[in-house]
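Let me begin by presenting the structure, written as structure tokens, before commenting on it.
The values are calculated or read from the model by the stated rules, or taken from the named source; none is laboratory data. Owing to the predicted nature of the structure, the values given are computational and were not obtained by experimental measurement. Cβ sites come from the backbone with ideal geometry, for glycine too, and all protein chains shown count toward neighbours.
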Amino acid sequence: MADGDQPGDPGGVLLLDQGHRVRTVGRRAPVAVGRPRHRGPGGAAALRPFGDAAPGTAVGSGGERGLGDRILLRSDGPGCHRDRSGRTSSVASDPAGVVSRVRPPAGSSRRPARFASVRCSTPPKGREHHGERRVGPLAALIGDWQGEGGLDTAFSHSKQKVLDTPFSEKVAMKPFGPVDNGRQHLYGLDYKTAMWRGDEEDPFHTEVGYWLWDAATGEVLRGFVVPRGITVLAGAIGVAADATEFTLSATTGGELYSIAENQYLRANASTVSYEVTITSGDDTWSYHETTMLRMKEFPELFPHVDHNTLTRA
């Protein structure tokens, strides 16, 4: 616990920010006690004095603070917590949300539950819609979207030929930030998307990830995971803040923007490059993406192409 902290003093509220630094709100800040676990972005040592709890999660009691004391951990992005039964759930829909836990009285014979009670507060005034102002060209993508005119051009292993498959799609994008890497300040959108063919109940493709914007360099990033064992970090530098069209790319083994895949895909359908062009308008946006694959079925690289236009749901 912090030096100078008195048992039973309910006045102290600790904050653990994005860089894992501990500070107080509402009175003189005590000195955080804890051992550094690792070097965070920008070289700052990260303190995790409460059982290595990460930002955005409630932490267990050290048994030294009285009833009414709270430890608050600021979550600038999506997170999760465990309830008393050990199940996990979303921490906060708003990235600026704060989770807190009320501790039992000091000396209580009941062992405090590690994640006994969690609540999500509203974001600080003035930050409710910061994404509209601070995510640059990504502002046009904020919201819930749907599209019925998608087309997937891919090789069908079951039919052993290339097929053009229509699909419908739903996308959700929520703003968050800032996320700080030393002097770099990123704002972005966390997103998820799912696509369906015809009347199928289960989607044939899903993604989760982040779009990021660095206003200082005009860098746009798209990092996402596909549950086939693929991760992609695509990007571009020098994009204008008010751009209505931009292209991101990544290559396998790329020094800056790269692709990773599992062992099976590397041997049978390896991704060599990925490129996506985004075009935004009034309450609509579209994408056209090409994934170049090295496949045993083709002597040359095969282009797997997807495109769709989405409108606000």
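Need a quick list: strands (runs of 3 or more DSSP E) entirely within the stretch 224-287 having at least 1 residues that are buried (at least 19 other Cβ atoms within 10 Å of the Cβ), in the same structural domain as residue 157 (by TED's automatic domain parsing) and in contact with a Lys or Arg (Cβ under 6 Å, 6 or more places away or on another chain). In the stretch 224-287, 230-236, 245-252 are the strands (runs of 3 or more DSSP E) which contain 1 or more residues that are buried (at least 19 other Cβ atoms within 10 Å of the Cβ), in the same structural domain as residue 157 (by TED's automatic domain parsing) and in contact with a Lys or Arg (Cβ under 6 Å, 6 or more places away or on another chain). Here residue 187 fulfils each of the conditions (1) touching a His at 6+ places or on another chain (Cβ under 9 Å); (2) surrounded by fewer than 17 Cβ atoms within 10 Å (Cβ to Cβ) apart from (2). Applying the condition of being over 22 Å from residue 309 (Cβ atoms) and not polar (S, T, N, Q) to the stretch 160-174 and asking which residue is surrounded by the fewest Cβ atoms within 10 Å (Cβ to Cβ) yields 161. Listed by first and then second residue, the pairs linking a residue in the stretch 211-238 that is on the phi > 0 side of the Ramachandran plot to a residue that is among the hydrophobic types (A, V, I, L, M, F, W, C) and modelled with pLDDT of 95 or more, with Cβ atoms under 9 Å apart and 6 or more places separating them unless they lie on different chains, are 218/236; 218/237; 218/239; 218/240; 218/241; 218/243; 229/260; 229/265. Of all residues in the stretch 199-222, those satisfying the criterion of being buried (at least 17 other Cβ atoms within 10 Å of the Cβ) and closer than 22 Å to residue 307 by Cβ are 205, 207, 209, 210, 211, 220, 221, 222.
Residues are listed down the side, and each one gets a yes or a no for (1) modelled with pLDDT under 95; (2) within 18 Å of residue 211 (Cα to Cα); (3) over 26 Å from the mean Cα position of the chain (by Cα):
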position	(1), (2), (3)
255	no, no, no
264	no, no, yes
267	no, no, yes
272	no, no, no
276	no, yes, no
282	yes, no, no
296	yes, no, yes
301	no, no, yes
306	no, no, no
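When restricted to residues that are aromatic (Phe, Trp, Tyr) and either touching a Cys at 6+ places or on another chain (Cβ under 8 Å) or closer than 22 Å to residue 241 by Cβ (or both), the stretch 148-194 contains 3.
Can you pull out every residue in the stretch 239-255 that is in contact (Cβ under 8 Å) with a residue 40 or more places away in the chain and either closer than 16 Å to residue 276 by Cβ or of a type in the set (Asp, Glu) (or both)?
239, 242, 243, 244, 246
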